[in-house]
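One structure below.
The values are calculated or read from the model by the stated rules, or taken from the named source; none is laboratory data. Since the model is a prediction, treat every value here as computed from it, not as a measurement. Cβ placement follows ideal geometry from the backbone for every residue including glycine, while neighbour counts extend to all protein chains displayed.
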Amino acid sequence: MKRIAVIAVLVAAFVPLAAAVAQLPTFGEASNPTNTYLVPRYLQKGPEEAGAANVVTDVILNYRGYDTNGEVVVIFTALIAALATLLVRPKQMAATPPGDDAPRSPIVSFVVKAIAPFIAVFTVYLVLHGHLSPGGGFQGGTIFGALIILLSLTLGHKYGLSLLPERSRPWLQAAAVLAFIAVGLLGWALCGAYLAYPSYSQLEWVREGWLIALEIGIGVGGAAIFATVFWTMEAEP
Amino acid sequence: MIRALWANIDYVASVVLFLIGLYAVIAKNNLIKKFMGINIMETAVFALIISVGTVRHGSPPIMGAGARAPFINPLPQALILTGIVVAVSTTALALSLIIRIYRQCGTIEADELRRLE
Amino acid sequence: MSEIFDLLLLVLLITTALCVIRTKDLLAAAVIFSTYSLIMCLVWQMRGAPDVALTEAAVGAGVTTVLFLVTISRTVRREK
Amino acid sequence: MDGTTLLPAVVVVPLLGAVLTPIVGRTRARMAGLWALAVACLTAAVGTALVALVALRGPFSYEMGAWAPPWGIELRMDEFGASIAVIGFLEVLTMLFAIKYVEKLLLPVRIPYFYTLMLLNAAGMIGFAVSGDLFNMFVFLEILSLSGYALVAIAGERIAEMAAFKYLALGAVSSLFVLLSVGLLYAVTGTLNIADVAKRLTGTGYALPVAVALAGLVLGFSVKAALFPLHAWLPDAHTIAPSPVSAVLSGLVVKVGVLGTLRVLQIYYAARPQQLPVLNGMLAWLGAISIVMGAFFAIFQEDIKMMLAYSTISNIGYIFMGIGLGSTYGLIGATVHIFNHALIKVTLFLAAGAIIYRTGCRNLTDLRGVGRVMPWTSAVMTVGALSIVGIPPTAGFLCKWYIALGAVQADKLMFAVAVLFGALFILIYYIRMVNAFYFREPTRPEVATATEAPLSMVGPLVVLAAGCLLMGVLGRIPLSFVEPAVLRMLGQ
């Protein structure tokens, strides 16, 4: 009985959705409304107006920076929500979780120690070069967060936690949102609108500086948040 | 109709993935499995939105030396970057809740939880 | 040529998604989910979205899978 | 300085406040509460100023990052956006009420997180209400939903987490339907700005994708609004959450779904009015069923919070019915009921919270005689009950009257009957409640020895009750305030 109901729901959802996507403008045509309406301006003027050769970065940090502002708030919300539901004390976080105390292979820790600096350099490249090539603050931050997780798994949680000192941890977790609000308010005060950048004819390096400040903020915030979420979920009460 | 479906086979694949995810959410009993289903639905929607902005034989929207037209629409990509972060945030919260539920009730099967309620 | 490859990837995507749903062992399902994310990431790279592909590789295949694994290690491994 | 430049502040102030709350509250939990209260006050002040500006000069918009709208994100402040003042005002009172309440209920470590989530939730709602861009609406929808799920779970009881998970699973799926539909609309128009989507949809083909997008958007938003038959998550979540959270969720968060529906209808009334009659008919029927079902289930509840939760479903039914009727009166009544129901439901949930705070009981039989020991709180509860039934001259009367008039105007008398029936059912319940509070002897020692709630709770309650009465007396003001927006939407 339940199976029939499930199949009925799926069919009822499939038929209109498939019919609707079949009638969408044909996949991949350059003449589709999506590819002709707003895009020419982004592609032609983006690097010049918004300041980054990677037009995706132009869109996420400048044209639609407010969305990204919302995005970093979403992930901050997820962190606070995880902390509030799981409620872990710092001491529990530092303890090695039970069932996890098997001796680790020296080869694993050697390999991790050996590749960690390279991963770290790669993340810095992603963050700082994101406005010119694929990548950006969030990608770099996520990979750095994954690196911290890797280090705490192989070298113990104490080591991982020492990378984010407890005193500064709340600030690091809030870094992304704070960077956005700071740049936004600066733009408000100096350029007339929240998250507005100085225009091209004005100081070019200021604009690039703001982009990089945002990238670094997102990177630091993302890394701190992912690492903390991991520690919180991993700790036993 | 069939021809239109075939021309838009990428969109149709997204719809199929969306429904596979929906099936897991409705029919699966395990909460972790349900959430894997929601994650599949999310990626399906993202794939649809990315496909909408694709140009056949286009190149990524990164300007600089050697870049050549036609370029691919950067706007959906920017939206999906945001979308992916939203998805992982939802997952993190859901999994924290699942861990709590397991600690309090000792099970994460939906029907057993309903019986405990 | 690239169309055929594209089609192949779509078929693979649907297959892995079905495998995620069908597998009773949650740990295996999480690993297959990670594969699914990586294939999705290839699809997006082919659609000319390297930024999104990179993010999906880091977030979908990386962090989401780690979170699933942690949850499984703190709860149960098998689905009933 | 032009007042319109203040528009982003109404979002940024609570966001900044929220991010700093864990840092402020790190050493002393009570500081977090006072900080959150101050932030809420500032937000409410900015919101009220903006609404006053709309009243004086009509709708206006703001270009985020100084990019012209279809390229950048536009914030749009119109009469529907006036909910930001309501949100701000009610958040202030809820925060004030919450200070004492959460100190008793939550572990001290959790308190700063509680306020952070409350502020994030408020910022999400405000951001959603003033957004003029479909994808931006989705982002803020996620902020407020995620914080909402966490707030349901925050009390840390066993059932709380299960209720929160149910809410989260349904909410996440409904958000995905919204996102999918936004994707479809983007595919056929190439833009995300609401006004621009409406313009570009006019006169183009793609009937089916556009219709499916409408269905998906309304489906997604009606899950958030808990319209029958998508209400399954609401009763548990709103009952188990701490009372200030229930107040915010029931009074404000479900309204976000309604507001989203209104924004979508704005697009479709302008661009595709021919696709609306079927949807409107369904919304009106589902609304009518919600009214009767919600009220009917409320009668059989013993738990006062559960009863209030079902009455929310009933009132969401009124709002959707007013929208679905598609007539001027119906829409005006529905829009004003968004504001009035928010006020009334916050009043009722906070009063229930004050009673639970002092007595620890929540069942009607246990609460017999509470009217004698907690006279102020019980009086507020009675005023709220009168308002929600819709007895003149309280806040609930005029909007329900308008919705009934809307049914007459649309020539669908059946629905006017539904309005009456709903009011009748809910009246029965509240008579039971008032009877238990005032005319029965206390059965429980906790109730007999209880004292009136502390001033920081009674104060907000009295203000809210006064608001309920005032809104009843001055009810014509909001009605004439939203009228231009409704007429603009219907193209008259």
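Within segment B:1-15, can you find the residues that are facing another protein chain (nearest Cβ under 7 Å) and either among the polar types (S, T, N, Q) or crowded, with 20+ Cβ neighbours inside 10 Å (or both)?
Within segment B:1-15, B:8, B:10, B:11, B:12, B:13, B:15 qualify.
State all residues of segment A:190-210 that are part of a helix (DSSP H, G or I) and either of a type in the set (Gly, Ala, Ser) or out of contact with any helix residue (DSSP H, G or I) (no Cβ under 6 Å at 6 or more places or on another chain) (or both); if no residue qualifies, say none. Let's see the steps before the verdict.
Going through segment A:190-210, the residues part of a helix (DSSP H, G or I) turn out to be A:190-191, A:204-210.
Selection gives A:190, A:191, A:204, A:205, A:206, A:207, A:208, A:209.
Look at residue A:21 and say whether it is modelled with pLDDT of 85 or more, closer than 30 Å to residue A:127 by Cα and either facing chain D (nearest Cβ under 8 Å) or touching a Leu at 6+ places or on another chain (Cβ under 9 Å) (or both). Break it down into steps so the answer makes sense when it comes.
Details: modelled with pLDDT of 85 or more: yes; closer than 30 Å to residue A:127 by Cα: no; either facing chain D (nearest Cβ under 8 Å) or touching a Leu at 6+ places or on another chain (Cβ under 9 Å) (or both): yes.
For residue A:21, the condition - modelled with pLDDT of 85 or more, closer than 30 Å to residue A:127 by Cα and either facing chain D (nearest Cβ under 8 Å) or touching a Leu at 6+ places or on another chain (Cβ under 9 Å) (or both) - is not met.
Out of B:107, B:54, B:82, I need the residue that is within 7 Å of chain A (Cβ to nearest Cβ), of a type in the set (Val, Ile, Thr) and over 20 Å from residue A:68 (Cβ atoms). Which one?
Unique residue meeting the criteria: B:54.
The rows are residues; the columns are (1) in contact with a Phe, Trp or Tyr (Cβ under 7 Å, 6 or more places away or on another chain); (2) assigned to a helix (DSSP H, G or I).
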| position | (1), (2) |
| --- | --- |
| D:392 | no, no |
| D:400 | yes, yes |
| D:415 | no, yes |
| D:431 | no, yes |
| D:450 | no, no |
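In segment D:110-122, how many are within 16 Å of residue D:24 (Cβ to Cβ) and either touching a strand residue (DSSP E or B) at 6+ places or on another chain (Cβ under 9 Å) or of a type outside the set (Ser, Thr, Tyr) (or both)?
Taking segment D:110-122 first, the residues within 16 Å of residue D:24 (Cβ to Cβ) are D:110-120.
Pick out the ones that are also either touching a strand residue (DSSP E or B) at 6+ places or on another chain (Cβ under 9 Å) or of a type outside the set (Ser, Thr, Tyr) (or both) and you get D:110-112, D:114, D:117-120.
Within segment D:110-122, residues that are within 16 Å of residue D:24 (Cβ to Cβ) and either touching a strand residue (DSSP E or B) at 6+ places or on another chain (Cβ under 9 Å) or of a type outside the set (Ser, Thr, Tyr) (or both) number 8.
Restricting the search to segment A:124-140, which residues are surrounded by 23 or more Cβ atoms within 10 Å (Cβ to Cβ) and either closer than 17 Å to residue C:53 by Cβ or acidic (Asp, Glu) (or both)? Even if it seems obvious, please write down each step before you answer.
Going residue by residue through segment A:124-140, those that are surrounded by 23 or more Cβ atoms within 10 Å (Cβ to Cβ) are A:126-127, A:130-131, A:135-140.
Answer for segment A:124-140, where residues must be surrounded by 23 or more Cβ atoms within 10 Å (Cβ to Cβ) and either closer than 17 Å to residue C:53 by Cβ or acidic (Asp, Glu) (or both): A:126, A:130, A:135, A:136, A:137, A:138, A:139, A:140.
Return only the number of the condition from (1) under 25 Å from the mean Cα position of the chain (by Cα); (2) within 10 Å of chain A (Cβ to nearest Cβ) that residue D:107 does not satisfy.
(1)
List the helices (runs of 4 or more DSSP H) that sit entirely inside segment A:34-151 and contain at least 1 residues that are over 22 Å from the mean Cα position of the chain (by Cα).
On the way: elements: A:39-50, A:55-58, A:65-86, A:90-94, A:106-129.
In segment A:34-151, the matching helices (runs of 4 or more DSSP H) lie at A:39-50, A:65-86, A:90-94, A:106-129.
Give all pairs with beta carbons closer than 6 Å in which a residue from segment B:15-42 that is over 18 Å from residue A:5 (Cα atoms) meets a residue that is aromatic (Phe, Trp, Tyr) and part of a helix (DSSP H, G or I); count only pairs at least 6 apart in sequence or on separate chains.
B:36/C:33; B:41/B:18
Mind listing whichever residues of segment D:119-143 are over 15 Å from residue D:10 (Cα atoms) and hydrophobic (A, V, I, L, M, F, W, C)?
D:134, D:135, D:137, D:138, D:139, D:141, D:143
Let me confirm something: among D:127, D:65, which residue is within 13 Å of chain A (Cβ to nearest Cβ), in a helix (DSSP H, G or I) and on the phi > 0 side of the Ramachandran plot?
Values: D:127 fails: on the phi > 0 side of the Ramachandran plot.
Residue meeting the stated conditions: D:65.
Could you list all residues from segment D:313-337 that are in a helix (DSSP H, G or I), small (Gly, Ala, Ser) and over 10 Å from residue D:402 (Cα atoms)?
Step one: of segment D:313-337, the residues in a helix (DSSP H, G or I) are D:313-325, D:328-337.
Now drop any that are not small (Gly, Ala, Ser), which leaves D:314, D:317, D:322, D:324, D:330, D:333-334.
Matches in segment D:313-337: D:314, D:317, D:324.
Within segment D:182-202, count every residue that is small (Gly, Ala, Ser) and either buried (at least 20 other Cβ atoms within 10 Å of the Cβ) or closer than 15 Å to residue A:25 by Cβ (or both).
Here the count works out to 3.
Please go through (1) within 12 Å of chain A (Cβ to nearest Cβ); (2) farther than 28 Å from residue D:481 by Cα; (3) buried (at least 24 other Cβ atoms within 10 Å of the Cβ) for residue D:97 and return the number of the only condition it doesn't satisfy.
The single condition residue D:97 does not satisfy is (1).
To keep it simple, each residue is scored yes or no on (1) touching a residue at least 12 places away in the same chain (Cβ under 8 Å); (2) of a type in the set (D, E, K, R); (3) part of a loop (DSSP other than H, G, I, E, B).
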{"site": "C:32", "(1), (2), (3)": "yes, no, no"}
{"site": "C:36", "(1), (2), (3)": "yes, no, no"}
{"site": "C:43", "(1), (2), (3)": "yes, no, no"}
{"site": "C:48", "(1), (2), (3)": "no, no, yes"}
{"site": "C:51", "(1), (2), (3)": "no, yes, no"}
{"site": "C:58", "(1), (2), (3)": "no, no, no"}
{"site": "C:61", "(1), (2), (3)": "yes, no, no"}
{"site": "C:66", "(1), (2), (3)": "no, no, no"}
{"site": "C:70", "(1), (2), (3)": "no, no, no"}
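Determine, yes or no, whether residue C:17 is touching a Leu at 6+ places or on another chain (Cβ under 8 Å) and at negative phi. Break it down into steps so the answer makes sense when it comes.
Details: touching a Leu at 6+ places or on another chain (Cβ under 8 Å): yes; at negative phi: yes.
Yes: the conditions hold for residue C:17.
Out of D:250, D:243, report the one residue that is in contact with a Lys or Arg (Cβ under 6 Å, 6 or more places away or on another chain), under 27 Å from residue D:296 (Cβ atoms) and modelled with pLDDT of 90 or more. Working first, answer last.
Values: D:243 fails: in contact with a Lys or Arg (Cβ under 6 Å, 6 or more places away or on another chain).
Result: D:250 is the single residue among D:250, D:243 that is in contact with a Lys or Arg (Cβ under 6 Å, 6 or more places away or on another chain), under 27 Å from residue D:296 (Cβ atoms) and modelled with pLDDT of 90 or more.
Is it fair to say residue C:3 is of a type in the set (D, E, K, R), crowded, with 22+ Cβ neighbours inside 10 Å and either more than 15 Å from the chain's Cα centre (by Cα) or in a helix (DSSP H, G or I) (or both)? Working first, answer last.
Working: of a type in the set (D, E, K, R): yes; crowded, with 22+ Cβ neighbours inside 10 Å: no; either more than 15 Å from the chain's Cα centre (by Cα) or in a helix (DSSP H, G or I) (or both): yes.
So residue C:3 does not fit the description; no.
Select, from C:78, C:74, the only residue that is over 20 Å from residue A:222 (Cβ atoms), more than 7 Å from every other protein chain (Cβ to nearest Cβ), among the basic types (Lys, Arg) and over 14 Å from the mean Cα position of the chain (by Cα). Lay out the reasoning, then the answer.
On the way: C:74 fails: more than 7 Å from every other protein chain (Cβ to nearest Cβ).
Selected residue: C:78, the only one of C:78, C:74 that is over 20 Å from residue A:222 (Cβ atoms), more than 7 Å from every other protein chain (Cβ to nearest Cβ), among the basic types (Lys, Arg) and over 14 Å from the mean Cα position of the chain (by Cα).
For residue D:57, only one of the following conditions fails: (1) within 13 Å of chain A (Cβ to nearest Cβ); (2) surrounded by fewer than 18 Cβ atoms within 10 Å (Cβ to Cβ); (3) without any contact (Cβ under 8 Å) to a residue 24 or more places away in the chain. What is its number?
With respect to (1) within 13 Å of chain A (Cβ to nearest Cβ); (2) surrounded by fewer than 18 Cβ atoms within 10 Å (Cβ to Cβ); (3) without any contact (Cβ under 8 Å) to a residue 24 or more places away in the chain, residue D:57 is out only on (1).
Which numbered condition in (1) more than 24 Å from residue A:47 (Cβ to Cβ); (2) at the interface with chain A (Cβ under 10 Å from one of its Cβ atoms); (3) polar (S, T, N, Q) is the only one that residue B:77 fails?
Residue B:77 satisfies all of (1) more than 24 Å from residue A:47 (Cβ to Cβ); (2) at the interface with chain A (Cβ under 10 Å from one of its Cβ atoms); (3) polar (S, T, N, Q) except (1).
Just a yes or no: is a residue in segment D:131-142 in contact with a helix residue (DSSP H, G or I) (Cβ under 9 Å, 6 or more places away or on another chain), part of a helix (DSSP H, G or I) and away from every other protein chain (no Cβ under 12 Å)?
Filtering segment D:131-142 down to residues in contact with a helix residue (DSSP H, G or I) (Cβ under 9 Å, 6 or more places away or on another chain) leaves D:131-142.
Cutting the leftovers down to part of a helix (DSSP H, G or I) gives us D:134-142.
From the residues that got through so far, the ones that are away from every other protein chain (no Cβ under 12 Å) too are none.
For segment D:131-142, residues in contact with a helix residue (DSSP H, G or I) (Cβ under 9 Å, 6 or more places away or on another chain), part of a helix (DSSP H, G or I) and away from every other protein chain (no Cβ under 12 Å): absent.
Considering segment A:153-182 alone, what residues qualify as being of a type in the set (A, V, I, L, M, F, W, C) and at the interface with another protein chain (Cβ under 10 Å from one of its Cβ atoms)? Before you say what the answer is, go through the steps one by one.
Quick first cut of segment A:153-182, residues of a type in the set (A, V, I, L, M, F, W, C) only: A:153, A:155, A:161, A:163-164, A:171-172, A:174-182.
Matches in segment A:153-182: A:153, A:171, A:174, A:175, A:176, A:177, A:178, A:180, A:181, A:182.
In segment A:140-169, what count of residues is obtained for those that are over 20 Å from residue A:112 (Cα atoms) and of a type in the set (S, T, N, Q)?
Qualifying residue count, segment A:140-169: 1.
With the checklist (1) at pLDDT below 90; (2) assigned to a helix (DSSP H, G or I); (3) of a type outside the set (Ser, Thr, Tyr) in hand, flag the one item residue D:11 doesn't pass.
Going through the list (1) at pLDDT below 90; (2) assigned to a helix (DSSP H, G or I); (3) of a type outside the set (Ser, Thr, Tyr), residue D:11 breaks only (1).
For segment B:20-56, name all the residues that are assigned to a helix (DSSP H, G or I), more than 11 Å from the chain's Cα centre (by Cα) and closer than 28 Å to residue D:191 by Cβ.
If the condition is that a residue be assigned to a helix (DSSP H, G or I), more than 11 Å from the chain's Cα centre (by Cα) and closer than 28 Å to residue D:191 by Cβ, then B:50, B:51, B:52 are the ones that fit.
Failed condition for residue A:35, given (1) out of contact with any Leu (no Cβ under 9 Å at 6 or more places or on another chain); (2) more than 10 Å from chain D (Cβ to nearest Cβ), with all others met?
With (1) out of contact with any Leu (no Cβ under 9 Å at 6 or more places or on another chain); (2) more than 10 Å from chain D (Cβ to nearest Cβ) applied to residue A:35, the lone miss is (2).
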